[in-house]
Amino acid sequence: MYNMISVKDLHKYFGDLEVLKGIDAEIKEQEVVCVIGPSGSGKSTFLRCLNLLEEVTYGSVTIDGEELTDRNTNINELRTKVGMVFQHFNLFPHKSVLENITLAPQKVKGLSAQEARDVALPLLDKVGLSDKADAYPQSLSGGQKQRVAIARALAMSPKVMLFDEPTSALDPELVGDVLQVMKDLAQEGMTMVVVTHEMGFAKEVGDRVIFMDEGIIQEEGDPEQIFDNPQNPRTQSFLSKIL
Amino acid sequence: MIEALMESAYIKSLPFLWEGLQVTIAITALGLLFGTIIGAMAGLGKLSKSKIIRGIWTVYVEIIRGTPILAQALFIYFGISEDLIGINLDAFTTGVIAIAINAGAYIAEIVRGAVYSIDKGQHEAGRSLGLSKRQTMRYIIWPQAFKRMIPPLGNQFVISLKDTSILSVIAVHDLVYKGKQYYNATVEVFETLVMVCLLYLCITIPLAIILRRLERKLDV
Ligand SMILES: Nc1ncnc2c1ncn2[C@@H]1O[C@H](COP(=O)(O)OP(=O)(O)O)[C@@H](O)[C@H]1O
Ligand SMILES: [Mg+2]
């Protein structure tokens with residue numbers, strides 16, 4: 001299948017600190033890739049380079065055939081192809097659930113209010129929150145917030161969805177609903193890159209697991225292979241700590 | 001009884017003081033109108049990526065906040081308009097400029113602080129959806145920041161209103177100036193000053209109440 005994301009020799013510096021030290025990765029259309037690794041290893045930075053929330057120091061990132069790092073690429077347009085879900089949801093607190101979802105389709109894609117509504121309502125239904133359209137984010141639980149955030153990203157009809165630890169700020173009993181929504185999405189064929197330590201999700205839904213440490217990909221492979229039979233001593237030591 | 005009251009020194013001063021109050025209100029309103037525009041520009045300028053723009057506005061804010069408003073008013077009235085440029089700005093215009101420039105510096109800090117206080121994740125969420133920087137500012141950051149500006153802005157408005165009283169030194173015919181004129185003529189010093197203060201309170205207290213209501217209403 002076709003390469004949806006292609007990363008070549010990606011380096012990222014924050015000042016003098018080299019956080020990504022040469023990442024090469026290819027992610028195919030409809031593939032679900034889980035990224036694991038210790039805190040500070042550069043997982044978030046890697047994900048954020050995929051929609052240029054972080055400037056790439058050097059190397060190249062290509063999404064759906066368009067090179068992000070090319071000066072001629074329209075970044076705003078490209079970002080609409082890449083949905084992102086954050087650990088802390090980042091819902092807009094001054095807007096209702098429905099308005100959170102309809103804002104970007106209206107302002108970026110130029111849909112009318114009615115058209116944007118027609119996009120948003122089925123998505124809200126899909127994440128199981130039809131009854132919350134007029135609620136404000138502060139009245140929602142963490143799990144509900146994260147599902148709204150997923151619907152908000154989907155409203156732009158992205159080709160890729162990036163998830164940065166989408167369940168790690170949630171109470172354990174709320175994790176399941178969010179993972180279910182992500183599972184459904186994977187089954188529909190969405191290309192997904194998910195930073196997560198939810199082993200069950202990675203094994204059940206993931207096509208591939210990437211283990212990152214110290215700014216490089218140390219090991220990658222099938223979820224079973226990585227979790228049950230890791231080859232790299234760093235992977236072994238990391239897994240023994242989190243299991 | 002009512003007649004006695006109407007004849008009292010307190011009430012008799014009112015028509016005269018009323019003229020001063022009108023001037024005070026006019027200078028405050030105009031000064032704050034321009035001050036808010038300057039403050040918004042300066043506040044956003046201080047958040048600019050460009051070091052030069054940031055530097056210019058920082059210098060302005062620090063000079064104004066580091067010097068007394070009395071010196072600023074004298075500077076504009078005598079120092080710049082008369083001595084340096086040689087034009088004769090009238091006292092009223094000078095008063096408006098002084099209040100605008102002074103309030104602008106404080107409002108700049110209010111605007112900058114409020115925008116800066118909005119979580120970085122809000123900006124990232126907007127950008128990740130494809131909104132431009134400008135759209136993110138307009139639809140996401142600014143509305144949230146604006147709410148946070150209201151209490152300190154209200155506070156600054158009250159301060160500026162009271163600051164207009166120092167303009168009496170450059171012969172702006174504001175409330176304090178008129179009060180002085182009145183008690184110099186009538187020797188009813190105590191009564192006149194009581195009325196001057198009451199008139200200020202007639203504006204500041206309702207303003208404080210309105211602001212508190214607004215704060216509660218905006219607290220979604
Ligand atoms: N904006 C930034 N400025 C400076 N250093 C940063 C910034 N963002 C992340 N870092 C550093 O980059 C490293 C990797 O961070 P991150 O990608 O968040 O790791 P992870 O998501 O794997 O925990 C850390 O050492 C972190 O301190
Ligand atoms: Mg992270």
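The values are calculated or read from the model by the stated rules, or taken from the named source; none is laboratory data. Predicted model, so just to flag it, every value in this text is computed and none were measured. Virtual Cβ from ideal backbone geometry, glycine too; neighbours counted across all protein chains shown. For the accessible areas, the whole protein counts, side chains as well, though only heavy atoms, and no ligand, DNA or RNA atoms are used. Shrake-Rupley method; radii C 1.70, N 1.55, O 1.52, S 1.80 Å.
Using the Cα centre as the reference, give the magnitude of the dipole from point charges on the C-beta atoms of the range B:2-218 (Lys, Arg: +1; Asp, Glu: -1; all else neutral), rounded to the nearest 20 debye.
On the way: 21 positive and 15 negative charges, 340 e Å.
So the magnitude is around 1640 debye.
Note down the magnitude of the dipole of the protein assembly as shown about its Cα centre, charges +1 on Lys and Arg C-beta and -1 on Asp and Glu C-beta and zero elsewhere, to the nearest 20 debye.
Its charge dipole is roughly 1080 debye.
In the structure displayed, which of A:109/A:183; B:46/B:162; A:43/B:46; A:8/A:159; A:43/B:147 lie more than 29 Å apart, Cα to Cα?
Values: A:109/A:183 27 Å; B:46/B:162 27 Å; A:43/B:46 32 Å; A:8/A:159 20 Å; A:43/B:147 35 Å.
With Cα atoms farther than 29 Å apart: A:43/B:46; A:43/B:147.
Just need log10 I(q)/I(0) for the protein assembly as shown at q = 0.06, 0.09 Å⁻¹, Debye formula, equal scatterers on the alpha-carbon atoms, no solvent, rounded to two decimals.
Each listed q corresponds, in turn, to -0.42, -0.74.
With only Lys, Arg, Asp and Glu charged, each at its Cβ (+1 for the first two, -1 for the last two), find how big the charge dipole of chain A is about the Cα centre; round to the nearest 20 debye.
640
Per 10 Å bin, what is the whole-percent P(r) computed from every C-alpha pair distance within the range A:102-195?
16, 48, 32, 4
Only counting protein heavy atoms at a 1.4 Å probe, give the residues of the range A:73-100, ordered by number, whose accessible area falls by 50 Å² or more when the other protein chains are present relative to the chain alone.
A:76, A:79, A:90, A:92, A:94
How much area per residue is accessible in the range B:2-218 when the probe is 1.4 Å and only protein heavy atoms are counted (Å²)? Display every interim value, and only then the final one.
On the way: 11560 Å² over 217 residues.
Computed with neighbouring chains in place, this is 53 Å² per residue.
Quick check: Cα centre of the range A:3-73 to Cα centre of the range A:95-111, how many Å?
Each part's Cα centre sits 27 Å from the other's.
Would you mind getting me the FRET efficiency between residue A:26 and residue A:73? Use the beta-carbon distance for r and R0 = 22 Å, nearest 0.05. All intermediate terms of the calculation are to be shown ahead of the outcome.
Working: r = 19 Å, r/R0 = 0.87.
Taking R0 as 22 Å, the efficiency between residue A:26 and residue A:73 is 0.70.
Taking the Cα centre of each part, how many Å lie between the range B:54-75 and the range B:167-209?
About 27 Å separates the Cα centre of the range B:54-75 from the one of the range B:167-209.
Along each of the three principal axes of the Cα atoms of chain A, give the extent in whole Å, ordering the values from largest to smallest.
Ordered largest first, chain A gives principal extents of 53, 45, 37 Å.
Hey, with R₀ at 45 Å, roughly what FRET efficiency would residue B:18 and residue B:219 work out to, going by the Cβ-Cβ distance, to 0.05?
Step by step, r from the Cβ atoms, then E = 0.75.
Treat each spin label as a single point 7 Å out from the Cα along the C-beta direction, and report the residue A:8 to residue A:173 distance in nm.
In this crude spin-label approximation the distance works out to 5.2 nm.
Among B:139, B:80, B:207, whose Cα sits farthest toward the positive end of the charge dipole of the range B:2-218 (+1 at Cβ of Lys/Arg, -1 at Cβ of Asp/Glu, about the Cα centre)?
With unit charges placed on the Cβ atoms, the residue in question is B:139.
Give me the net charge for the shell around residue A:37: Cβ to Cβ below 12 angstrom, other residues only, Lys and Arg +1, Asp and Glu -1.
My count for the surroundings of residue A:37 gives -2.
Identify, among A:139, A:174, A:160, the residue whose Cα sits farthest towards the positive end of the charge dipole of the range A:136-189, taking +1 on the Cβ of Lys and Arg and -1 on the Cβ of Asp and Glu, with the dipole about the Cα centre.
A:160
Each residue of the range B:37-48 in order: what ³J(HN,Hα) in whole Hz does its phi give by Karplus 6.51 cos²θ - 1.76 cosθ + 1.60, θ = phi - 60°, with x for Gly and Pro?
Running phi through 6.51 cos²θ - 1.76 cosθ + 1.60 with θ = phi - 60° gives 5, 4, x, 5, 5, 5, x, 6, x, 5, 9, 5 Hz.
Considering only A:108, A:119, A:97, give the residue with the highest GNM mean-square fluctuation for chain A, with springs between Cα atoms whenever their separation is below 10 Å.
Result: A:108 has the largest fluctuation of those listed.
Does anyone have the angle between helix A:172-187 and the longest principal axis of chain A? Alpha-carbon axes, 0 to 90°, nearest 10?
Here the helix axis deviates by roughly 90 degrees.
Going by Cα centres, the range A:195-243 and the range B:98-148 are how many Å apart?
Rounded to whole Å, the Cα centres lie 41 Å apart.
Compare the Cα positions of B:17, B:41, B:6 along the charge dipole of the protein assembly as shown (+1 at Cβ of Lys, Arg; -1 at Cβ of Asp, Glu; about the Cα centre) and return the one farthest towards the positive end.
B:6
Summing +1 for each Lys or Arg and -1 for each Asp or Glu, what net charge is found among the other residues whose Cβ lies under 10 Å from the Cβ of residue B:47?
+4
Just add up the charged neighbours of residue A:111: K/R +1, D/E -1, any other residue whose Cβ is under 12 Å from the Cβ of residue A:111.
+1
Per 5 Å bin, what is the whole-percent P(r) computed from every C-alpha pair distance within the range B:1-151?
Going from the shortest bin to the longest, the percentages are 2, 9, 12, 14, 14, 12, 9, 8, 7, 5, 3, 2, 1, 1, 0.
Based on the inverse mean of 1/r over its pairs of different Cα atoms, what is the Kirkwood hydrodynamic radius of the range A:1-77, in Å?
Radius from the Kirkwood sum: 13.0 Å.
Kirkwood hydrodynamic radius for the range B:70-145: how many Å is it when counted over pairs of different Cα atoms?
About 15.1 Å, per the Kirkwood formula over Cα pairs.
Given a cut-off of under 8 Å on Cα pairs at least six residues apart, what relative contact order in percent is computed for chain B?
The normalised contact order for chain B reaches 31 percent.
For the range A:133-201, run through the GluC sites (Glu not before Pro) and keep only the ones in DSSP coil with at most 14 other Cβ atoms within 10 Å of their Cβ.
A:188
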